[in-house]
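Here is the structure we will look at.
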Amino acid sequence: MSLNSNDRSIAGFTMAGHALVHWFETAIPIFLVVWLAEFDVSVVLIGLIVALGYAPFGLGALPGGILADRYGPKRLIVLCLAGMSLAFGVLAAASLLESIYAIAVGLLLWGIAASIYHPAGLALISTGVEERGTVFAWHGIAGNVGIALGPFVAATLLIFLEWPVVAALLAIPGILAVVYGLAAQFDSTAAVADDVDAGPDEALSLSDLVTNSRALFASAFAIVFVIVTFEGLFYRGVLTYLPEIMHGLPAIEGLVVPDALEAYDIEPEFYIYVGLLVVGMGGQYAGGKLTDTIPAARGLAGMFAILAVLALAFVPVSNLGLGPLLILCAVLGFFLFAIQPFYQNAVAVYTPPDTRGLSYGYTYLGEFGLGAASIAIGGFVLGELSVTAFFVVISSFALAGSALSVALALGLDRMFDRFETEPAAEAEAEA
């Protein structure tokens, strides 16, 4: 990375944090099967307990963003890493208590801690990094590494070790990251103008938060928020149901998993899914680099349009055989993650530096919180209609995002400027 020392330090710190958030997140489902056998509980109960951990991950993004503005992003990220590591320690200790409710406590603690990362990490990059697009790219790649490695490492260790030991071992990288973060030195506001106060504001009050929120949603950020929500609907719907959809495809039936991999007891479509995530690393890098040359709104419009076409093409292409399906999944994985640096950059472009934590808090409330609605929508469509109908609905999310991005690129944000200046002009005239 051709970055200055401050950019490199922030990049290393945030890449470690992003990778570990998803490392822990994707390891949890691997434990699910073990817990069902270990505690002899119903799928409904264990599902509710796991949901207890995942729910705060999205819903806590807004409070996390508020705290990042109040206390500074570095402090919050270190707290996030320590909290997630402690949560997996609680999971390991749950076996000693022989209580499924102790696991519930550990998962809830993990969800609360993990919710802090995205608004704090992206706020830090947006205010501290000069080469923002490049660092957004590497930051995204690190997240994909965590997504891919989390379940593989957990599954591999479970072959040889008891699950409490595995949970404890998975916490070790988080503890090391806490030590690294405490020692890291960087200027978290190096990328903002000298006359702008983007540092921690411990005097931030509830009335300030209400005022800042009103200002954000009376600006072009309101459009960006809706755009990000549509991206979240597309992203969560695709990643949730793609393995299940591929499981029933004729093209997959001819795929033979090598004997060396059969020990994982994972279906072939899981490896295609992980391959999609690996290709997504390239998409993250390309998208991040392109944000330095393509305006955020224009890039979002193009990326959404491509995703809409890929969604509509999935069913007809999957009927052509395994080769075309693999190519389509690779292209889908590339663009599914290439779009992310564009919306992350859009937030930085259309919001003031001193409310960046709050801005990214709302952003990830839309991405992970409201975006999760596509899980319910997708489940209904797949259950009551068809796979084709599912991809039509998913494509509609991308088309809506593309239309809003086109409007933003054509100057819809200037409408908010007019709303702000007209009352001021009227007040001056009355005076």
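The values are calculated or read from the model by the stated rules, or taken from the named source; none is laboratory data. This is a predicted model, so every value here is computed, not measured. Cβ coordinates were reconstructed from backbone atoms using ideal geometry, including for glycine residues, and neighbour counts include every protein chain displayed. With ligands, DNA and RNA removed, areas are computed over all heavy atoms of the protein, side chains included. Shrake-Rupley method; radii C 1.70, N 1.55, O 1.52, S 1.80 Å.
Which one of these does Val50 not meet: (1) modelled with pLDDT of 85 or more; (2) open to solvent by 10 Å² or more (accessible area, probe 1.4 Å)?
Here Val50 clears every test but (1).
Kindly check whether there is at least one residue in the stretch 333-351 that is small (Gly, Ala, Ser), assigned to a loop (DSSP other than H, G, I, E, B) and over 21 Å from Tyr117 (Cβ atoms).
In the first step, residues of the stretch 333-351 are kept if they are small (Gly, Ala, Ser); the result is 333, 338, 346, 348.
Filter once more, keeping what is assigned to a loop (DSSP other than H, G, I, E, B): none.
For the stretch 333-351, residues small (Gly, Ala, Ser), assigned to a loop (DSSP other than H, G, I, E, B) and over 21 Å from Tyr117 (Cβ atoms): absent.
Is it fair to say Ala137 is closer than 22 Å to Gly282 by Cα, surrounded by 18 or more Cβ atoms within 10 Å (Cβ to Cβ) and either out of contact with any helix residue (DSSP H, G or I) (no Cβ under 6 Å at 6 or more places or on another chain) or of a type outside the set (S, T, N, Q) (or both)? Give the steps one after another, and end with the answer.
Details: closer than 22 Å to Gly282 by Cα: yes; surrounded by 18 or more Cβ atoms within 10 Å (Cβ to Cβ): yes; either out of contact with any helix residue (DSSP H, G or I) (no Cβ under 6 Å at 6 or more places or on another chain) or of a type outside the set (S, T, N, Q) (or both): yes.
Judged against the criteria, Ala137 is a match.
Give the residues of the stretch 404-423 that are modelled with pLDDT of 65 or more and open to solvent by less than 60 Å² (accessible area, probe 1.4 Å), sorted by residue number. Spell out the reasoning first.
Step one: list which residues in the stretch 404-423 are modelled with pLDDT of 65 or more, which gives 404-412, 414.
The answer is Leu404, Ser405, Ala407, Leu408, Ala409, Gly411, Leu412.
Note down all Cβ pairs under 6 Å where the first residue falls in the stretch 120-147 and is in contact (Cβ under 8 Å) with a residue 40 or more places away in the chain, the second is aromatic (Phe, Trp, Tyr), and they're at least six residues apart or on different chains.
Pairs that qualify, where the first residue is in contact (Cβ under 8 Å) with a residue 40 or more places away in the chain and the partner is aromatic (Phe, Trp, Tyr), are Leu122/Tyr360; Ala123/Tyr360; Ala137/Tyr285; Ile141/Tyr285; Gly146/Trp23.
Please specify each residue of the stretch 381-390 satisfying the condition of being open to solvent by 10 Å² or more (accessible area, probe 1.4 Å) and touching a residue at least 60 places away in the same chain (Cβ under 8 Å).
Hits for the stretch 381-390 are Leu382, Val387, Thr388.
I'd like the full set of residues that are over 19 Å from Met15 (Cα atoms) and open to solvent by 20 Å² or more (accessible area, probe 1.4 Å), limited to the stretch 273-289. Steps first, please.
Step one: of the stretch 273-289, the residues over 19 Å from Met15 (Cα atoms) are 273-276.
Correct list: Tyr273, Gly275.
Note down all Cβ pairs under 6 Å where the first residue falls in the stretch 216-228 and is touching a residue at least 12 places away in the same chain (Cβ under 8 Å), the second is part of a loop (DSSP other than H, G, I, E, B), and they're at least six residues apart or on different chains.
Ala220/Tyr350; Phe221/Tyr350; Phe221/Thr351; Val224/Tyr350
I'd like to know if the stretch 211-221 contains one or more residues that are closer than 26 Å to Met84 by Cα and either surrounded by fewer than 14 Cβ atoms within 10 Å (Cβ to Cβ) or at pLDDT 85 or above (or both). Can you show your working first?
Taking the stretch 211-221 first, the residues closer than 26 Å to Met84 by Cα are none.
No, there is no match, as no residue in the stretch 211-221 is closer than 26 Å to Met84 by Cα and either surrounded by fewer than 14 Cβ atoms within 10 Å (Cβ to Cβ) or at pLDDT 85 or above (or both).
Considering only the stretch 153-168, I want to know if a residue exists there that is more than 24 Å from Gln284 (Cα to Cα), of a type outside the set (Val, Ile, Thr) and outside any helix (DSSP H, G or I). Spell out the reasoning first.
Step one: filter the stretch 153-168 for residues more than 24 Å from Gln284 (Cα to Cα), giving 154-168.
Next, from what is left, pick out any that are of a type outside the set (Val, Ile, Thr): 154-155, 157-158, 160-164, 167-168.
Now narrow it down to the ones that are outside any helix (DSSP H, G or I): 161-162.
Within the stretch 153-168, one or more residues are more than 24 Å from Gln284 (Cα to Cα), of a type outside the set (Val, Ile, Thr) and outside any helix (DSSP H, G or I).
Given the options Gly366, Gly378, Gly299, name the one that is in contact (Cβ under 8 Å) with a residue 12 or more places away in the chain, in a helix (DSSP H, G or I) and within 16 Å of the chain's Cα centre (by Cα). It would help to see each step written out before you state the result.
Working: Gly378 fails: within 16 Å of the chain's Cα centre (by Cα); Gly299 fails: within 16 Å of the chain's Cα centre (by Cα).
One residue alone meets the criteria, Gly366.
Kindly indicate whether any position in the stretch 98-106 is over 22 Å from Pro164 (Cα atoms) and out of contact with any Asp or Glu (no Cβ under 8 Å at 6 or more places or on another chain). Reasoning before the result, please.
Let us first name the residues in the stretch 98-106 that are over 22 Å from Pro164 (Cα atoms), namely none.
Checking the stretch 98-106: not a single residue is over 22 Å from Pro164 (Cα atoms) and out of contact with any Asp or Glu (no Cβ under 8 Å at 6 or more places or on another chain).
Is it the case that some residue within the stretch 28-38 is free of Cβ contacts under 8 Å to residues at least 40 places away in the same chain, within 23 Å of Ile159 (Cβ to Cβ) and outside any helix (DSSP H, G or I)? Full working, then the answer.
Pass one, the stretch 28-38, residues free of Cβ contacts under 8 Å to residues at least 40 places away in the same chain: 32-33, 36-37.
Add one more test, that the residue is within 23 Å of Ile159 (Cβ to Cβ), and what stays is 32-33, 36-37.
In the following step, the residues that additionally are outside any helix (DSSP H, G or I) were identified as none.
The answer is no, given that none of the residues of the stretch 28-38 is free of Cβ contacts under 8 Å to residues at least 40 places away in the same chain, within 23 Å of Ile159 (Cβ to Cβ) and outside any helix (DSSP H, G or I).
So, in the stretch 184-209, of the ones that are of a type in the set (A, V, I, L, M, F, W, C) and open to solvent by 70 Å² or more (accessible area, probe 1.4 Å), which residue ends up modelled with the highest pLDDT?
Leu206
Looking only at the stretch 333-370, how many residues end up being open to solvent by 30 Å² or more (accessible area, probe 1.4 Å) and under 12 Å from Val224 (Cβ atoms)?
Of the residues in the stretch 333-370, 3 are open to solvent by 30 Å² or more (accessible area, probe 1.4 Å) and under 12 Å from Val224 (Cβ atoms).
Can you spot a residue in the stretch 252-261 that is modelled with pLDDT under 75 and among the acidic types (Asp, Glu)? Show your work before the answer.
The first filter runs over the stretch 252-261 and keeps only residues modelled with pLDDT under 75, leaving 252-261.
In the following step, the residues that additionally are among the acidic types (Asp, Glu) were identified as 253, 259.
Yes, the stretch 252-261 has at least one match.
Of all residues in the stretch 305-321, how many are open to solvent by less than 50 Å² (accessible area, probe 1.4 Å) and either over 10 Å from Thr388 (Cα atoms) or in contact with a strand residue (DSSP E or B) (Cβ under 9 Å, 6 or more places away or on another chain) (or both)?
First, the residues of the stretch 305-321 that are open to solvent by less than 50 Å² (accessible area, probe 1.4 Å): 305, 307-308, 310-311, 313-315, 317-318, 321.
Now narrow it down to the ones that are either over 10 Å from Thr388 (Cα atoms) or in contact with a strand residue (DSSP E or B) (Cβ under 9 Å, 6 or more places away or on another chain) (or both): 305, 307-308, 310, 317-318, 321.
Counting residues in the stretch 305-321 that are open to solvent by less than 50 Å² (accessible area, probe 1.4 Å) and either over 10 Å from Thr388 (Cα atoms) or in contact with a strand residue (DSSP E or B) (Cβ under 9 Å, 6 or more places away or on another chain) (or both) gives 7.
Of the numbered conditions (1) in contact with a Pro (Cβ under 7 Å, 6 or more places away or on another chain); (2) among the hydrophobic types (A, V, I, L, M, F, W, C); (3) not in a helix (DSSP H, G or I), Leu3 fails exactly one; give the number of that condition.
(1)
Report the residue count in the stretch 322-332 for those that are open to solvent by less than 20 Å² (accessible area, probe 1.4 Å) and either modelled with pLDDT under 90 or touching a Phe, Trp or Tyr at 6+ places or on another chain (Cβ under 7 Å) (or both). Before you say what the answer is, go through the steps one by one.
Going residue by residue through the stretch 322-332, those that are open to solvent by less than 20 Å² (accessible area, probe 1.4 Å) are 325, 328-329, 332.
From what's left, either modelled with pLDDT under 90 or touching a Phe, Trp or Tyr at 6+ places or on another chain (Cβ under 7 Å) (or both): 325, 328-329.
Going through the stretch 322-332 one residue at a time, the tally reaches 3.
Out of all the residues in the stretch 83-131, which are within 28 Å of Thr351 (Cβ to Cβ) and either surrounded by fewer than 24 Cβ atoms within 10 Å (Cβ to Cβ) or in contact with a Phe, Trp or Tyr (Cβ under 6 Å, 6 or more places away or on another chain) (or both)? So that I can check it myself, show each step before the final result.
Looking only at the stretch 83-131, we keep the residues that are within 28 Å of Thr351 (Cβ to Cβ), and these are 83-84, 111-131.
Hits for the stretch 83-131 are Gly83, Met84, Gly111, Ile112, Ala114, Ser115, His118, Pro119, Leu122, Ala123, Glu130, Glu131.
Within the set of pairs 6 or more residues apart or between chains, which connect a residue that is within 16 Å of Phe230 (Cα to Cα) inside the stretch 308-319 to a residue that is open to solvent by 30 Å² or more (accessible area, probe 1.4 Å) and of a type in the set (A, V, I, L, M, F, W, C) with Cβ atoms less than 6 Å apart?
Ala308/Leu399
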